[in-house]
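Colleague: This is the structure I want to talk about, given as structure tokens.
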């Protein structure tokens, strides 16, 4: 009887704990400008991976230096207004309600930190993430309505989640046909020099089996520059962006021909959209595709052409994963 009682108590406690985990609010706070300056100048996986193109395009110069870009980024940080905080807090409250309503289980880091910047350090993007923090630009805070601001924040939160749990990342990526390895793919120098770094992507570790020119091949996605950077040419970062598929050999090493890394276009893969769906044009990499799907789920968007792909991700979100 005593053992049975103890078992019942333990079971009830576990159930309560699980329920509490499912409904725990998103743990967020706002960084001061001084803290934001420290975070944005941190030498992490993202800043360590910058190539010369990354530095030049962000500084609009042909002779950029990492130290100059870090100083430039530090100067783009801004103070929060009370209105900013109210708007973001309202969006988080909306997302908390959706998470509870849809019985979604999310594994957040200890805290999620928001910083505010001009976004000039990232080509005037609306928002981006690094580590456990989200940077949001002044423009979206001033111009987006509540629904679109909530959507933007949901998109960025997905990047925090995949960074926080490799098991969750693997399960999420599988919903669009990608496999995630326990190690990063080692790229040859020629493509590393062209790669456009994305702060939302801290690991290049995924691949997808595609039919390219009638042959099935494992390929990894990469965002790269279609030409060297030219200062004062009137081009923005987006003008240089090209999305490529790099075929991998049996050791998951990029294939080269005549000393150059082979890169296919998305159009050369006949079954790409069969796997990732046609819900978004934001197909820079699987991370961004899935962040869009995640935002669709948390904002209950229904007008999408491939709802079955989003449905797969929702099933993943209703399970718990290890870090």
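The values are calculated or read from the model by the stated rules, or taken from the named source; none is laboratory data. All values reported here derive from a predicted model rather than from experimental measurement. As a convention, Cβ positions derive from the backbone with ideal geometry for all residues, glycine included, and neighbour counts pool all protein chains shown.
Colleague: Do you know which of the residues in the range 162-171 that are within 12 Å of the chain's Cα centre (by Cα) and touching a residue at least 60 places away in the same chain (Cβ under 8 Å) is surrounded by the fewest Cβ atoms within 10 Å (Cβ to Cβ)?
Modeller: Ranking the candidates gives 164 first.
Colleague: Pull up the range 251-271, narrow it to residues that are out of contact with any strand residue (DSSP E or B) (no Cβ under 6 Å at 6 or more places or on another chain), in a loop (DSSP other than H, G, I, E, B) and without any contact (Cβ under 8 Å) to a residue 60 or more places away in the chain, then point me to the one that is farthest from residue 93 (Cα to Cα).
Modeller: Out of the qualifying residues, it is 258.
Colleague: If you check residue 208 against the conditions, is it out of contact with any helix residue (DSSP H, G or I) (no Cβ under 6 Å at 6 or more places or on another chain), in the same structural domain as residue 313 (by TED's automatic domain parsing), touching a residue at least 12 places away in the same chain (Cβ under 8 Å) and under 19 Å from residue 293 (Cα atoms)?
Modeller: It is true that residue 208 is out of contact with any helix residue (DSSP H, G or I) (no Cβ under 6 Å at 6 or more places or on another chain), in the same structural domain as residue 313 (by TED's automatic domain parsing), touching a residue at least 12 places away in the same chain (Cβ under 8 Å) and under 19 Å from residue 293 (Cα atoms).
Colleague: Let me confirm something: among 190, 274, which residue is part of a helix (DSSP H, G or I) and touching a strand residue (DSSP E or B) at 6+ places or on another chain (Cβ under 6 Å)?
Modeller: Of 190, 274, the one residue that is part of a helix (DSSP H, G or I) and touching a strand residue (DSSP E or B) at 6+ places or on another chain (Cβ under 6 Å) is 190.
Colleague: Which condition breaks for residue 228 when tested against (1) out of contact with any strand residue (DSSP E or B) (no Cβ under 7 Å at 6 or more places or on another chain); (2) in a strand (DSSP E or B)?
Modeller: (2)
Colleague: Can you tell me which residue is nearest to residue 31 (Cα to Cα) among those in the range 61-70 that are surrounded by fewer than 16 Cβ atoms within 10 Å (Cβ to Cβ) and in contact (Cβ under 8 Å) with a residue 24 or more places away in the chain?
Modeller: 61
Colleague: Answer with yes or no whether residue 73 is modelled with pLDDT of 95 or more, in contact with a strand residue (DSSP E or B) (Cβ under 9 Å, 6 or more places away or on another chain) and in a helix (DSSP H, G or I).
Modeller: It is true that residue 73 is modelled with pLDDT of 95 or more, in contact with a strand residue (DSSP E or B) (Cβ under 9 Å, 6 or more places away or on another chain) and in a helix (DSSP H, G or I).
Colleague: On the basis of being in contact with a strand residue (DSSP E or B) (Cβ under 6 Å, 6 or more places away or on another chain), in contact (Cβ under 8 Å) with a residue 12 or more places away in the chain and more than 30 Å from residue 193 (Cα to Cα), does residue 53 make the cut?
Modeller: no
Colleague: Just need a number here: residues in the range 246-262 that are in contact with a helix residue (DSSP H, G or I) (Cβ under 9 Å, 6 or more places away or on another chain) and surrounded by fewer than 17 Cβ atoms within 10 Å (Cβ to Cβ).
Modeller: Here the count works out to 3.
Colleague: Out of 134, 153, 99, I need the residue that is in the same structural domain as residue 59 (by TED's automatic domain parsing), part of a helix (DSSP H, G or I) and under 16 Å from the mean Cα position of the chain (by Cα). Which one?
Modeller: 153
Colleague: Now for a different question. Does residue 81 satisfy being modelled with pLDDT of 95 or more, closer than 14 Å to residue 138 by Cα and surrounded by fewer than 15 Cβ atoms within 10 Å (Cβ to Cβ)?
Modeller: In short, yes.
Condition check ((1) under 28 Å from residue 191 (Cβ atoms); (2) under 19 Å from the mean Cα position of the chain (by Cα); (3) not in a loop (DSSP other than H, G, I, E, B)) across all residues:
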position: 235; (1), (2), (3): yes, no, no
position: 280; (1), (2), (3): yes, yes, no
position: 292; (1), (2), (3): yes, yes, yes
position: 295; (1), (2), (3): no, yes, yes
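Colleague: Let me ask something additional. Anything in the range 212-228 that is surrounded by 14 or more Cβ atoms within 10 Å (Cβ to Cβ) and under 24 Å from residue 183 (Cα atoms)? List them, or say none.
Modeller: Once the filter is applied, which keeps residues that are surrounded by 14 or more Cβ atoms within 10 Å (Cβ to Cβ) and under 24 Å from residue 183 (Cα atoms), the range 212-228 yields 217, 218, 219, 220, 221, 222, 223, 224.
Colleague: Out of 116, 110, report the one residue that is in a strand (DSSP E or B) and either out of contact with any strand residue (DSSP E or B) (no Cβ under 7 Å at 6 or more places or on another chain) or not assigned by TED's automatic domain parsing to the domain that holds residue 272 (or both).
Modeller: Just one listed residue meets the conditions, 116.
Colleague: In the range 120-129, how many are assigned to a loop (DSSP other than H, G, I, E, B) and either surrounded by fewer than 20 Cβ atoms within 10 Å (Cβ to Cβ) or not assigned by TED's automatic domain parsing to the domain that holds residue 155 (or both)?
Modeller: Within the range 120-129, residues that are assigned to a loop (DSSP other than H, G, I, E, B) and either surrounded by fewer than 20 Cβ atoms within 10 Å (Cβ to Cβ) or not assigned by TED's automatic domain parsing to the domain that holds residue 155 (or both) number 3.
Colleague: For residue 191, all conditions in the list (1) touching a helix residue (DSSP H, G or I) at 6+ places or on another chain (Cβ under 7 Å); (2) farther than 18 Å from residue 109 by Cβ; (3) in the same structural domain as residue 292 (by TED's automatic domain parsing) hold save one; what is the number of the exception?
Modeller: (1)
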